[in-house]
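*Asks:* Pasting in a structure now, in structure tokens, and then I'll have a few things to ask.
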Amino acid sequence: MPSNALPPGPKGTFLGGSLRAFNEQRLDFFLRVAREYGDIASFRFGPRRMFLVSHPDLIEQVLVTDAKHYIKHFGARAYKPVLGNGLVTSEGDFWLRQRRLAQPAFLKNRVASYAPVMGDLTRAMLAKWRPGQAVNVHEEFSTLTSAIALKTLFGLDDPGDRHAFVESLRLAFDLLGERFRDLVKVPLWLPTRRNRRTKRAIAELYRVVDGFIAQGRGRSEPGDDLLSRLVSARDDDGSRMTDTQLREEAMTLYLAGHETTALTLTWGWYLLATHPAAEARLAEEWVRVLAGRAPTPDDLPNLPYTDAVITEAMRVYPPVYLIGREATCDLELGGYRVRKGTTIFMCQWVSHRDPRHFGPDPEAFRPERWLDGLAKRIPKYAYYPFGGGPRVCIGNTFALMEAAILLATVGQRYRFTLDPGAVVDFSPGITLLPTYGIPATLAPR
């Protein structure tokens with residue numbers, strides 16, 4: 001029988017529990033809790049009870065074995081005003097239907113068909129760069145992956161519409177992120193200043209995306225973008241997505257397809273700039289395999305060190321650093337009773353730094369650790385940058401191909417020299433953002 005006692009963990013304050021410690025230094029908070037209290041720990045955010053699980057077997061139990069007994073946690077649901085019932089936030093039979101309709105757009109051969117767009121837009125960015133130019137690495141790659149996402153998702157080229165869409169999306173998520181950190185949530189229908197700004201940003205997003213959908217439906221021939229494929233996708237009963245469903249999936253796929261790849265490249269280049277031996281080995285692989293030409297999907301199996309750099313960057317600085325699930329009934333986990341409504345957190349920032357799987361210096365950036373079969377030796381859920389189970393990220397193949405093509409295309413032309421006074425820190429919101437960006441100077445290869 002599972003124990004009715006709670007797992008060990010920090011007591012926190014009487015009213016807020018551990019919410020203040022989480023808001024002030026959430027990455028350190030999760031790491032400290034796991035290291036002080038073990039593979040399953042417990043704490044409160046106000047009245048909410050949380051478990052943090054860090055052992056791969058327990059993570060697999062939540063994400064795979066008992067997946068049908070969990071839903072997305074309260075933090076993910078906070079973003080429903082923007083994402084609606086998209087793949088990230090929907091549940092049950094509705095989620096399954098949407099996933100089934102979207103899945104064909106992410107088959108390997110279809111994902112590979114987007115590689116020329118990725119290469120073309122990357123070369124357009126490189127054409128604007130000059131040796132010695134000061135750049136913010138995160139801004140450059142965020143702009144690039146946004147352009148790729150909007151081109152492959154909506155067939156959108158116009159930078160004006162692209163900029164308006166990105167700015168409205170960022171504002172909406174920033175405002176909702178502030179709301180997530182509030183101990184007392186003010187209902188969105190109350191006309192506070194922040195609520196009014198949030199609603200204006202969301203309305204602008206809906207206006208722009210609805211225009212994309214109308215264009216997609218009005219085409220005589222389906223386009224080659226993901227939205228066109230979703231517009232024409234049919235379920236087994238012949239039904240299609242409604243305009244509302246299309247909008248919510250489009251916004252979800254844009255966010256997932258743009259932000260995570262930009263951050264993988266941002267943190268990857270930061271790590272390479274601070275580890276010159278790894279960068280030199282990477283450049284040697286590109287000379288040997290590509291000899292200056294543009295990479296294609298067929299080249300990627302011949303670029304093992306490129307793959308190792310991307311894998312290691314997502315281990316050290318996982319773009320998505322936290323997953324949460326909420327129990328829909330009483331369950332057992334690690335010998336403890338999980339009561340209905342309890343939130344289970346699984347933190348990639350913690351798991352990816354576990355010395356049981358990554359050695360005595362797990363925070364070190366060493367891409368070569370992946371070259372000798374490490375992925376097959378460690379437990380499956382010791383490393384899970386794209387989540388896992390039935391709700392594993394639908395765009396993981398897209399993201400990995402994009403990261404490799406962009407890394408090799410840019411890296412054959414330039415390397416980045418960090419500014420001497422650069423302050424690099426984290427702002428963990430939905431994703432692991434660099435607080436001040438990554439200021440650097442372009443140096444020709």
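*Asks:* Would you mind computing the Rg to Rh ratio of the stretch 253-343 from its alpha-carbon coordinates, Kirkwood style for Rh?
*Replies:* Radius of gyration over Kirkwood radius for the stretch 253-343 works out to 1.20.
*Asks:* Taking every Cα atom in the chain, find the radius of gyration and the maximum pairwise distance Dmax, and write them in Å.
*Replies:* When restricted to the Cα atoms of the chain, Rg and Dmax are 22.0, 66 Å.
*Asks:* Pop out the ³J(HN,Hα) list for the stretch 437-445 in order, Karplus 6.51 cos²θ - 1.76 cosθ + 1.60 with θ = phi - 60°, rounded to Hz; leave Gly and Pro as x.
*Replies:* Each residue's phi maps through the Karplus curve to give x, 10, x, 8, 10, 6, 10, x, 6 Hz.
*Asks:* Here is a further query. Before rounding to the nearest 500, sum -39500 (n - 2.57) across all DSSP H runs of length at least 4 in the chain and divide by the residue total; then give [θ] at 222 nm in deg cm²/dmol.
*Replies:* Computed ellipticity for the chain at 222 nm equals -15500 deg cm²/dmol.
*Asks:* Would you look at the GNM of the chain, springs on alpha carbons closer than 10 Å, and say which of Tyr206, Tyr383, Tyr321 moves the most?
*Replies:* For the chain, modelled as a Gaussian network with Cα springs under 10 Å, the answer is Tyr206.
*Asks:* Could you give the spread of the C-alpha atoms of the stretch 49-152 along their three principal axes, from largest to smallest, in whole angstroms?
*Replies:* 53, 32, 31
*Asks:* Mind checking which of Pro360, Pro297, Pro434 has the largest fluctuation in a GNM of the chain, springs on alpha carbons under 10 Å?
*Replies:* Pro360
*Asks:* Per residue, how much space in cubic angstrom lies within the convex hull of the C-alpha atoms of the stretch 203-281?
*Replies:* 140
*Asks:* Which of the aspartates and glutamates could a cross-linker span from Lys80 if the Cα-Cα distance has to be under 15 Å and same-chain partners fewer than 8 positions apart are dropped?
*Replies:* Answer for Lys80, where 15 Å is the Cα cut-off: Glu91, Asp174, Glu178, Glu248, Glu249, listed by chain and number.
*Asks:* As a footprinting exposure proxy, order His55, His69, His138 by other Cβ within 10 Å, with the fewest listed first.
*Replies:* Exposure proxy ranking, most exposed first: His69, His55, His138.
*Asks:* Determine the alpha carbon to alpha carbon distance for each of Lys68/Lys199; Lys11/Lys340; Lys72/Lys151; Lys68/Lys151 and list only those over 27 Å.
*Replies:* Checking Cα-Cα distances, Lys68/Lys199; Lys72/Lys151; Lys68/Lys151 exceed 27 Å.
*Asks:* What is the Rg over Rh value, at two decimals, for the stretch 1-87, using alpha-carbon atoms and the Kirkwood definition of Rh?
*Replies:* Ratio of gyration radius to Kirkwood radius for the stretch 1-87: 0.99.
*Asks:* Let me know the charge dipole size of the chain about its Cα centre in debye, to the nearest 20, where only the beta-carbon of Lys, Arg (+1) and Asp, Glu (-1) is charged.
*Replies:* Dipole size: approximately 1080 debye.
*Asks:* Can I ask one more? Spelling out what I want: for every residue of the stretch 44-54, take phi, set θ = phi - 60°, compute 6.51 cos²θ - 1.76 cosθ + 1.60 (Karplus), and round to whole Hz; glycine and proline get x.
*Replies:* 10, 10, x, x, 7, 8, 10, 10, 10, 10, 10
*Asks:* Return P(r) of the stretch 318-445 (all Cα-Cα pairs; 5 Å bins starting at 0; whole %; ordered from short to long distances).
*Replies:* Computed distribution, short to long bins: 2, 8, 11, 16, 20, 18, 12, 7, 3, 2, 2, 0.
*Asks:* Okay, next question. Once you compute Rg and the Kirkwood Rh from C-alpha atoms, what is the Rg to Rh ratio for the stretch 88-142?
*Replies:* 1.23
*Asks:* Pick out which of Pro385, Pro47, Pro362 has the largest mean-square fluctuation in a Gaussian network model of the chain, springs linking Cα atoms closer than 10 Å.
*Replies:* Residue with maximal mean-square fluctuation among Pro385, Pro47, Pro362: Pro47.
*Asks:* Still on this structure, please answer the following. What ³J(HN,Hα) values, in whole Hz, does the Karplus curve 6.51 cos²θ - 1.76 cosθ + 1.60 give for the stretch 410-417 when θ = phi - 60°, with x put for Gly and Pro?
*Replies:* Residue by residue, the stretch 410-417 yields 5, x, 6, 9, 9, 10, 10, 9 Hz.
*Asks:* Non-local amide H neighbours of Cys393 (under 5 Å, H modeled in plane, Pro and chain starts lacking H): which ones?
*Replies:* When sequence neighbours closer than 5 places are left aside, the close amide H contacts are Gly388.
*Asks:* In Å and whole numbers, how far do the C-alpha atoms of the stretch 328-399 stretch along each principal axis, longest first?
*Replies:* 43, 32, 19
Values quoted throughout were computed directly from the atomic coordinates according to the rules given, and no laboratory measurement underlies them. Remember, predicted model here, so these are calculated numbers, not experimental data. Note that we place each Cβ from the backbone using ideal geometry, even for glycine, and neighbour counts take in every protein chain shown.
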